[in-house]
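Take a look at the structure set out below.
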Amino acid sequence: MATPGATTLSDDTGPIPPALRGILPVLLALPVLALAEWTLGASPFATYLLSVVGVNIILAVSLNIVNGMTGQFSIGHAGFMAVGAYIAGVTSLSLKEIGIPGVPVAVSDQLLFVEALLAGGVSAALCGFLVGLPSLRLRGDYLAIVTLGFGEIIRVFVQNTEAFGRALGLSGIPQYSSVAMVYFWVFLVVLVARRIAGSSHGRSLWAIREDEVAAEAMGVDTTGYKVRAFVISSFFAGIAGGLFAHFVPIINPGSFTFVKSMEIVVMVVLGGLGSTTGAIVAAIFLTLLPEGLRSLFGAMGAEGSLAQKVDQIRMPVYGILLVVLMLARPQGLFGTKELWDVLPRWLPRKKKGLT
């Protein structure tokens, strides 16, 4: 029985029509991204740095679906990124001289760019399915070894394939990427991750993470859910690789080594396994850290190969951060919580039921 003054909610009521609820976040994001692109148009360095940050956010959030939500341990994410980068790059090169009739050149280029990105993402997802279907029956260290082996196989394959430029890499890829395009995909991967976490599929993934044996005993198709999570994660890693290939002058096997995979794992662990906003914060921090070190060395009057000094000190700094984090806060910065779960503790709360 309803109490006086109480309101009832249903899926058919509310200010937003049901048909628009699914795409409303995308519609709201588009003008914001267009404004950001217009604002940063005159700053190439800021555009490049923000693009790198965006790509790393996509990689960290997508890996968090596997390592965080599902409780698996994959360390071959750079391999799926490489698949997406090379397939998208080759696709763009083959479509370089082609235009869509009746469409402005700029729009045609962006549509073909999206097609190349999807080709790279689907190829990476297919590789994720082929690797995940047999290997996700494994657990823990065994899965890590399989994904590590896959990453190295991809790197050696492209290093010895003429169509991918061998060790010299692939150059001449059209520079179609932009801050708006990169952060559109950032928005999509975050949206997908949050929708998964709040769905019945997400609850199955959390159950697998907490106790796979108990989840399977309760009727959860553990292998099926893990493969789906792996495929989604691989798809977005391929998208990140495709975006990366379209704003750097050249891609080569050295960009997709085991070190790159470990950088992504560090981002996920630092932010908190299972926290999407934690992965975002850690990706931003660890991507901007080298630039901060360069500024610090410049202020100290360091001369010569400054970039080499940063590259040499970057990984030890990552290691120190991980050691300190594991000692002080083993669950990561956010644990399994999100930013909005933490902020209300610091903000004044409105007491309900009081006048």
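The values are calculated or read from the model by the stated rules, or taken from the named source; none is laboratory data. Keep in mind the model is a prediction, meaning the values are calculated, not measured. So basically every Cβ, Gly included, is an ideal-geometry build from the backbone, and we count neighbours across all protein chains shown. Just the protein is used for accessible areas: all its heavy atoms, side chains included, with ligands, DNA and RNA removed. Shrake-Rupley method; radii C 1.70, N 1.55, O 1.52, S 1.80 Å.
General observations
- By average C-beta atoms within 10 angstrom, highest first, the peptides 236-243, 121-128, 81-88, 177-184: 236-243, 81-88, 121-128, 177-184
- With contacts taken as Cα pairs under 8 Å and at least 6 residues apart, region 21-253 reaches a relative contact order of 41 percent.
- Projecting label points 7 angstrom from Cα along Cα→Cβ for I98 and L188 puts them 1.9 nm apart.
- Computed from phi, the 3J(HN,Hα) profile of region 164-171 under the Karplus parametrisation 6.51, -1.76, 1.60 (θ = phi - 60°) reads 9, x, 6, 5, 6, x, 10, 10 Hz, with x in place of Gly and Pro.
- For region 55-123, averaging the sequence separation of C-alpha pairs within contact (under 8 Å, six or more residues apart) and dividing by the residue count gives a relative contact order of 34 percent.
- Mean Cβ neighbour count within 10 Å, used as a protection proxy, ranking 321-333, 163-175 highest first: 163-175, 321-333
- Within the accessible area of region 21-253, the carbon and sulfur atoms contribute 71%, probe 1.4 Å, all protein chains present.
- Distance between the 7 Å Cα→Cβ label points at F285 and Y142: 3.5 nm.
- Solvent-accessible heavy-atom area per residue, rounded to whole Å², over region 21-253 at 1.4 Å: 44 Å²
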